[in-house]
Amino acid sequence: MRAPRVTRPAIPAGYGVSDDMKGALRWISVRRILQGALRYWIATSSRDDGPHLIQQWAAWVDDTLYFGGSKKTKWSRHLRLDPRVAVSVERTGYSIMVEGRAQVLATVTPELAAALVATFDKKYGYKTTVEDWTKGGLWALRAEKVFAWKFASLGTTATRFLFDQPGDAAASPSSRAPSAIRVS
């Protein structure tokens, strides 16, 4: 897995965000917060239905957010029409937002299913089986951009992480496709 490119986000000058990278957050620290978050706020939208925000349980594995639910939910209907999604997590002292495109998975490997079983048990005390994750309805959000900063020091900590996507000139063929899944 390749590390993301680290830059400053494009924030208007009046917010005091430094041009240099001194004080920028490290990806390893932001990744730990994403992995350990208990609640993920998922924002979707549709032209006919407008914006929608929902809190979900989820697992951050290999820089991909996995979450599931019925295809009848509003958020799932939205994502089937427009896969663009934004996610935020709750963490005292930090703002962290993820942007990308979600895809419903056609299949899940036993390795990914085992990682999801372990994560949901550890984080939520929610007992699942490998078979539970292979029944469909599992979504994968591959991060394209992650924005993060500490509340108390926006000016020095505001950081943007950019991920190469399949088809990017700089991306290798497997740099963004997690090895544990096959996507429909």
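Looking only at region 69-80, which residues are over 19 Å from Phe120 (Cβ atoms) and open to solvent by 40 Å² or more (accessible area, probe 1.4 Å)?
Filtering region 69-80 down to residues over 19 Å from Phe120 (Cβ atoms) leaves 71-72, 74, 77-80.
Selection gives Lys71, Lys72, Lys74, Arg77, Arg80.
Here's a check for you: in region 43-71, which residue that is in contact (Cβ under 8 Å) with a residue 60 or more places away in the chain and assigned to a strand (DSSP E or B) is farthest from Val146 (Cα to Cα)? Explain how you work it out, then say what you get.
Let us first name the residues in region 43-71 that are in contact (Cβ under 8 Å) with a residue 60 or more places away in the chain, namely 57, 59, 61-71.
If we keep only those that are assigned to a strand (DSSP E or B) as well, we get 59, 61, 64-68.
Working: Ala59: 16, Val61: 15, Thr64: 12, Leu65: 12, Tyr66: 16, Phe67: 18, Gly68: 21 Å.
Looking at the filtered set, the residue picked out is Gly68.
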Check: Of all residues in region 32-68, which are out of contact with any strand residue (DSSP E or B) (no Cβ under 7 Å at 6 or more places or on another chain) and loosely packed, with under 15 Cβ neighbours inside 10 Å?
Finding: Arg32, Gly36, Leu38, Arg47, Asp48, Asp49, Gly50
Notebook entry, point to check: In region 81-135, how many are open to solvent by 60 Å² or more (accessible area, probe 1.4 Å) and within 17 Å of the chain's Cα centre (by Cα)?
Noted result: 6
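The values are calculated or read from the model by the stated rules, or taken from the named source; none is laboratory data. Note that the structure is predicted; figures quoted are calculated from it, not measured. Using ideal geometry, Cβ is built from the backbone for each residue, glycine included, and neighbour counts are taken over all protein chains shown. Please note that ligands, DNA and RNA were not included when accessible areas were found on the heavy atoms of the full protein model with its side chains. Shrake-Rupley method; radii C 1.70, N 1.55, O 1.52, S 1.80 Å.
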